[in-house]
Amino acid sequence: EARVAERTHDLEQRTEAERVMRQRLFGELSKAGRVQQGMQPLPVDAERLTIRTIYEPCMLVSGDAYGYQWRSGEEVLFGYLIDVMGHGAATALQTASIQVMIRDITATGMALEEGIRTLNQRVGRYLGEDILVAAFFFELDFTARELRYAAAGITEFYQTAAAGQGRIITEGMFLGISEQPDFEVKSQPV
């Protein structure tokens, strides 16, 4: 009877410790999710452009992210969408790392194609081949009235705009898969 009571007590302690650990983990993931949400840019509401986004992680944190920033004053809007394979904290950290890499690259003022190639090399070097990273990059140039874009692993988009609706087909390997991939920058008037 003493052994049964001891085992019951041990089981209760382990169960309580697991409950506390799950509660702490949930709290940490919730904090990480708020930080990740805070890394996303604010909506844009300008005379010539409005951007509204929906960002809803599946499990508090996400492997999906987007960003945009103005270049050349406010004449060129650079932006990206990334999707890192997986879910959970590790994927969210990888996604945040890629966002930092993108910000570092865009701060240098590299052309779109050169920036994608540089990012591809960094992703391959730091994240390894077992991680799939899909991405889409664009520049909306108001002076040239042109949209330039390139994709890595994301091959099809649908556009809806005042200029018309349609399907955009792109080509490009996932980031980090090959040291010499083909990333084709395409353009269309806007």
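The values are calculated or read from the model by the stated rules, or taken from the named source; none is laboratory data. Keep in mind that what you see is a predicted model, and the values were worked out from it rather than measured. Here the Cβ is made from the backbone with ideal geometry for all residues, glycine too, and neighbour counts use every protein chain on show. Quick note on the areas: whole protein, heavy atoms, side chains included, nothing else; ligands and nucleic acids left out. Shrake-Rupley method; radii C 1.70, N 1.55, O 1.52, S 1.80 Å.
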List the pairs whose first member sits in segment 17-28 and is under 17 Å from LEU60 (Cα atoms), whose second member is assigned to a helix (DSSP H, G or I) and of a type outside the set (D, E, K, R), and whose Cβ atoms are under 9 Å apart, counting only residues at least 6 apart or on separate chains?
LEU25/ALA89; GLU28/ALA89
May I ask you to list pairs of residues, at least six apart or on different chains, whose Cβ atoms are under 9 Å apart, with the first in segment 76-88 being closer than 13 Å to ALA65 by Cα and of a type in the set (Val, Ile, Thr) and the second being in a strand (DSSP E or B) and open to solvent by 20 Å² or more (accessible area, probe 1.4 Å)?
ILE82/ASP64; ILE82/TYR66; ILE82/PHE136; VAL84/ASP64
Looking at this structure, is GLN121 open to solvent by 80 Å² or more (accessible area, probe 1.4 Å), of a type in the set (S, T, N, Q) and part of a loop (DSSP other than H, G, I, E, B)?
no
Output for segment 169-188, where each listed residue is polar (S, T, N, Q) and open to solvent by 20 Å² or more (accessible area, probe 1.4 Å):
SER178, GLN180, SER187, GLN188
Might you check whether a residue that is within 24 Å of PHE183 (Cβ to Cβ), open to solvent by less than 30 Å² (accessible area, probe 1.4 Å), of a type in the set (Gly, Ala, Ser) and under 15 Å from the mean Cα position of the chain (by Cα) occurs anywhere in segment 108-118?
no
Restricting to segment 121-175, and then to whatever is small (Gly, Ala, Ser) and at pLDDT 85 or above, can you tell me which residue is nearest to ALA46 (Cα to Cα)?
ALA144
Pick from segment 1-40, criterion of a type in the set (Asp, Glu) and in a helix (DSSP H, G or I), ranking: farthest from ASP83 (Cα to Cα)
GLU6
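For every residue, the table says whether it meets (1) among the aromatic types (Phe, Trp, Tyr); (2) closer than 26 Å to PRO189 by Cα; (3) in contact with a helix residue (DSSP H, G or I) (Cβ under 6 Å, 6 or more places away or on another chain); (4) part of a strand (DSSP E or B).
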{"site": "ALA90", "(1), (2), (3), (4)": "no, no, no, no"}
{"site": "ASP104", "(1), (2), (3), (4)": "no, no, no, no"}
{"site": "GLY109", "(1), (2), (3), (4)": "no, yes, no, no"}
{"site": "GLU129", "(1), (2), (3), (4)": "no, no, no, no"}
{"site": "ALA134", "(1), (2), (3), (4)": "no, yes, no, yes"}
{"site": "GLU139", "(1), (2), (3), (4)": "no, yes, yes, yes"}
{"site": "THR143", "(1), (2), (3), (4)": "no, yes, no, no"}
Restricting attention to segment 44-63, report how many residues are open to solvent by less than 50 Å² (accessible area, probe 1.4 Å) and polar (S, T, N, Q).
1
Looking at (1) under 18 Å from ILE169 (Cβ atoms); (2) surrounded by fewer than 18 Cβ atoms within 10 Å (Cβ to Cβ); (3) of a type outside the set (S, T, N, Q), can you tell me which one TYR149 breaks?
(2)
Please give the number of the condition GLY166 fails out of (1) surrounded by 16 or more Cβ atoms within 10 Å (Cβ to Cβ); (2) outside any helix (DSSP H, G or I).
(1)
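Conditions tested, residue by residue: (1) part of a strand (DSSP E or B); (2) over 26 Å from GLY27 (Cβ atoms); (3) open to solvent by 30 Å² or more (accessible area, probe 1.4 Å); (4) touching a helix residue (DSSP H, G or I) at 6+ places or on another chain (Cβ under 9 Å).
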| position | (1), (2), (3), (4) |
| --- | --- |
| LEU42 | no, yes, yes, no |
| ALA65 | yes, no, no, yes |
| TRP70 | yes, yes, yes, no |
| GLU74 | no, yes, yes, no |
| LEU77 | yes, yes, no, no |
| LEU81 | yes, yes, yes, no |
| GLN94 | no, no, yes, yes |
| ILE98 | no, no, no, yes |
